[in-house]
Amino acid sequence: MEGSSRVEGPPRLDGCARFDGPLRFVALGDSLTEGVGDPVGDGAWRGWAALLADGLAEQPAGFTNLAVSGSQTRDVLERQLPEALELRPDLVSVVVGVNDTLRCTFDIRAVAARLDQVYAACAGEGALLLTACLPDPGTMLGLPGALAAPLARRQRAVNTVVHALSERYEALHLHACEGDWTIDRALWSADRLHPGERGHRQLALRFHTLLAERGLATGPAPSPEPEFPVPSTSASLWWLATAGTGWVARRCTDLLPQLLSLAADELRHRARGTSARLDLRASAAVSAALAGLSAAERADAA
């Protein structure tokens with residue numbers, strides 16, 4: 001599905017231009033960017049964006065993390081974006097969409113439209129975008145195939161949209177939805193949904209590499225080695241049984257009845273040998289969502 005659709009857009013920005021003056025970096029998104037999985041004491045989180053900020057320039061960058069756990073694309077558009085634009089950032093990370101896939105209201109057209117508005121607003125102010133595609137939560141949680149497949153299909157749809165819009169707005173895009181890092185348990189926290197400190201450091205290091213290759217990160221690269229001791233097995237299990245379980249429940253309660261229905265549909269198609277139809281249906285929905293954005297662009301220009 002990924003890379004199958006192109007979205008027309010405005011002229012591409014000069015991604016090789018250096019930032020002028022003190023760098024201002026603003027991070028938007030959900031729990032991943034808030035830093036869940038990378039604790040630094042007193043209940044605080046650090047995360048990949050803060051680690052990246054420390055290596056952007058020789059002088060400390062102005063860094064603001066507006067990401068909030070549980071945020072969906074609507075929250076980023078309506079709550080985080082206005083505050084971000086007031087800060088006049090040079091660099092904006094927008095990593096969001098997983099929580100949208102965990103809701104019964106999931107609509108790839110709406111997700112695409114919101115992301116397009118966020119990207120356009122940031123790029124329109126001259127900010128360089130950082131984006132990423134992510135692994136699907138069903139696979140990371142190890143759900144049975146019939147339950148995991150619908151979530152995987154949704155996340156692939158979001159990733160395809162992110163790919164297309166990242167190209168449109170010349171974002172620096174990190175392909176993080178697959179590869180060794182998704183299966184290396186040492187990089188992930190007990191909940192299997194958020195990176196641990198090592199995982200956050202990997203994300204920060206990979207984003208730093210993308211920026212450094214274009215002369216846009218001149219500070220020291222984040223170290224891949226953890227600063228803090230890895231939580232003990234008992235501590236991890238306790239977190240998963242208490243806070244972690246609540247985290248999943250709060251995000252999936254409204255999805256569960258629909259997910260069971262989707263799983264039943266998945267099993268019916270498997271029994272008939274027609275599972276490919278579900279993939280084709282999802283691909284068609286993504287293509288329609290991206291085509292709708294292009295049509296809106298042409299209408300605005302007319």
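All of the numbers you see were taken from the coordinates with simple rules; none came from a lab. In this text, all values refer to a predicted model and were calculated from it rather than measured experimentally. Ideal geometry is used to build each Cβ from the backbone, glycine not excepted, and the neighbour counts take in all protein chains shown.
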Q. Cα gyration tensor of region 171-229, axes a ≥ b ≥ c as square roots of the eigenvalues: rounded (a/c below 1.5), prolate (a/b > b/c) or oblate?
A. oblate
Q: Starting at the first residue of region 108-117, write each ³J(HN,Hα) from the Karplus equation 6.51 cos²θ - 1.76 cosθ + 1.60 with θ = phi - 60°, in whole Hz, x for Gly and Pro.
A: 5, 4, 5, 4, 4, 5, 5, 4, 4, 5
Q: List every residue whose amide H lies under 5 Å from the amide H of Arg46, counting only residues 5 or more places away in sequence or on a different chain, with H placed 1.01 Å from N in the peptide plane.
A: Asp38, Val40
Q | Order of Ser275, Ser166 under a 10 Å beta carbon neighbour criterion, fewest first | A | Ser275, Ser166
(Q) Within 15 Å, Cβ to Cβ, of Asp184, how many net charges do the neighbouring residues add up to if Lys/Arg are +1 and Asp/Glu are -1? (A) +1
Q) Between rounded, prolate and oblate, where does region 112-222 land on the alpha carbon gyration tensor, with a ≥ b ≥ c its root eigenvalues, rounded for a/c under 1.5, else prolate if a/b exceeds b/c? A) oblate
Q) From the phi of every residue in region 24-34, what ³J(HN,Hα) in whole Hz does the Karplus formula 6.51 cos²θ - 1.76 cosθ + 1.60 yield, where θ is phi - 60° and glycine or proline is x? A) 10, 10, 10, 10, 10, x, 10, 4, 4, 7, 4
Q. What is region 17-86 by shape, rounded, prolate or oblate, if you read a ≥ b ≥ c off the alpha carbon gyration tensor as root eigenvalues and call it rounded for a/c under 1.5, prolate for a/b larger than b/c, and oblate otherwise?
A. oblate
Q. For region 80-172, with the dipole built from +1 on Lys and Arg beta-carbon atoms and -1 on Asp and Glu ones, taken about the Cα centre, which of Thr131, Leu141, Val158 lies farthest toward the positive end?
A. Leu141
Q.
From the mean inverse distance of alpha carbon pairs (Kirkwood) and the Cα radius of gyration, derive Rg over Rh for region 255-302.
A. 1.25
(Q) Per residue of region 191-199, what does 6.51 cos²θ - 1.76 cosθ + 1.60 with θ = phi - 60° give for ³J(HN,Hα)? Whole Hz please, x for Gly and Pro, Karplus curve as stated. (A) 7, 6, 9, 10, x, x, 4, 4, x
Q: Beta carbons within 10 angstrom, averaged per residue: use that to sort the peptides 177-184, 125-132, 213-220, highest first.
A: 125-132, 213-220, 177-184
Q. Non-local amide H neighbours of Leu174 (under 5 Å, H modeled in plane, Pro and chain starts lacking H): which ones?
A. Thr131, Ala132, Cys133
Q: Just the Kirkwood number for region 86-134, please: inverse of mean 1/r across all distinct Cα pairs, in Å, one decimal.
A: 11.8
Q: Please report Tyr119, Tyr169 as a ranked list, fewest other C-beta atoms within 10 angstrom at the top and most at the bottom.
A: Tyr119, Tyr169
